[in-house]
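Let me begin by presenting the structure, written as structure tokens, before commenting on it.
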Amino acid sequence: MIDILSLNLQETEQAIIPLGLEKYRAKQIYTWLHDRRCRNFADMTNISTAMRTKLSENFCIKSLKIYKKLESKIDNTVKYLFELEDTQYIETVLMEYDHGNSLCVSTQVGCKMGCDFCASTKAGFIRNLTPAEILLQIYETEYDSNKKISNVVLMGIGEPLDNYDNTIKFLELCGISMRNVSLSTCGLIPQIYKLAEEKLPLTLSISLHSAIQQKREKIMPVAKKYPLKELIECCKKYIETTHRRITFEYTCIDGFNISRDDADALIKLLRGINCHINLIPVNTIKEANYNVSQINIEKFKTFLQERNFNVTIRRRLGADINAACGQLKREVEKNK
């Protein structure tokens, strides 16, 4: 069975013609799926019963089921644990901002990257999500919350650029302006070069977390394969090709990466690069004893601002529901 939600309009046309359906029917089907969010071929009322039967015999419409839902009493953040058709789980987080509703989506079941401070990677990697499974996180969240998603962040479970083709297809299908999309990567250099050639006006976020090679290797195994020097050259090329500013994500950990020396190293590394630095308070997880104080983050921010860097501290949303990636999935899987 073909996953029809993962097909773009042209691919839908090519898929239905061998079934004896006219080419123009593809637009009708596509509208039912992506505008009306139809979940069953039987509901496509402007298509004949015989055609609907052919569609149901050759195509499937993927679905997600809300397995668990946590709602913050602090800031209206909602965390969804979705169950996939093969009983695997992924997490999605809905966040309210002044500029609209933002959704943090997952791109893989598990993660290969092994970052020491991240709960998403602790259970290992299972598989990539299909374009439809990434897309359905938007559709099911909008349906459940009755809220329109205006911004998408590919920063949930998984490394988006490790699932490159399906991530790009999702971006084609999602209907969200690319200027309202942020894609976060731990620094897969070949894929960043490839993404640059797509020339999508999205925001690329690089998970940096240290400007000192040895420290970055300690918490991010990927740094051994893709050293900082090569990563920064890649970022410069990305900016030159796309004319887009890069965001560098920096998870702050007390006693590890927010000293004055760490700030000096970061200033030296990023000097002259058109970038934004986003400081992230580390999330406490059971598998790693990492913490950070707000005072120390503020000091680190001041060090950077004194050198004229554009720096913000990410708001910690959904603190009362463990809204960080991977925590709910791990909890449910352990209990099962």
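The values are calculated or read from the model by the stated rules, or taken from the named source; none is laboratory data. These figures come from a predicted structure and were not determined experimentally. Here Cβ is always computed from backbone atoms with ideal geometry, including for glycine, and neighbour counts include all displayed protein chains.
Within the option set 154, 183, 228, 173, being more than 26 Å from residue 94 (Cβ to Cβ) and either in the same structural domain as residue 100 (by TED's automatic domain parsing) or over 15 Å from the mean Cα position of the chain (by Cα) (or both) holds for one residue only, 228.
For segment 78-105, taking the residues that are assigned to a loop (DSSP other than H, G, I, E, B) and modelled with pLDDT of 95 or more, the one that is surrounded by the most Cβ atoms within 10 Å (Cβ to Cβ) is identified as 84.
Looking at residue 290, is it among the aromatic types (Phe, Trp, Tyr), modelled with pLDDT under 95, closer than 26 Å to residue 78 by Cα and crowded, with 17+ Cβ neighbours inside 10 Å? Against the criterion (among the aromatic types (Phe, Trp, Tyr), modelled with pLDDT under 95, closer than 26 Å to residue 78 by Cα and crowded, with 17+ Cβ neighbours inside 10 Å), residue 290 qualifies. Picking from residues in segment 304-326 that are over 29 Å from residue 274 (Cβ atoms), assigned to a loop (DSSP other than H, G, I, E, B) and among the small types (Gly, Ala, Ser), the one that is modelled with the highest pLDDT is 318. Of all the residues in segment 125-137, those that are surrounded by fewer than 21 Cβ atoms within 10 Å (Cβ to Cβ) and in contact with a Cys (Cβ under 8 Å, 6 or more places away or on another chain) number 1. Taking segment 181-208 as the range and being within 14 Å of residue 246 (Cβ to Cβ) and not hydrophobic (A, V, I, L, M, F, W, C) as the test, the residues that pass are 182, 184, 185, 187, 193, 201, 203, 205, 207.
When residue 242 is tested against (1) closer than 24 Å to residue 100 by Cβ; (2) in contact with a Phe, Trp or Tyr (Cβ under 7 Å, 6 or more places away or on another chain); (3) polar (S, T, N, Q), just one condition goes unmet, and that condition is (2).
Would you please name the residue that is nearest to the chain's Cα centre (by Cα), looking only at residues in segment 106-132 that are under 19 Å from residue 78 (Cβ atoms) and part of a helix (DSSP H, G or I)? Residue satisfying both the conditions and the ranking: 120. With respect to (1) at pLDDT 95 or above; (2) closer than 23 Å to residue 85 by Cα; (3) loosely packed, with under 12 Cβ neighbours inside 10 Å, the lone exception for residue 29 is condition (3). Within segment 173-180, one or more residues are modelled with pLDDT of 95 or more, crowded, with 17+ Cβ neighbours inside 10 Å and more than 21 Å from residue 276 (Cβ to Cβ).
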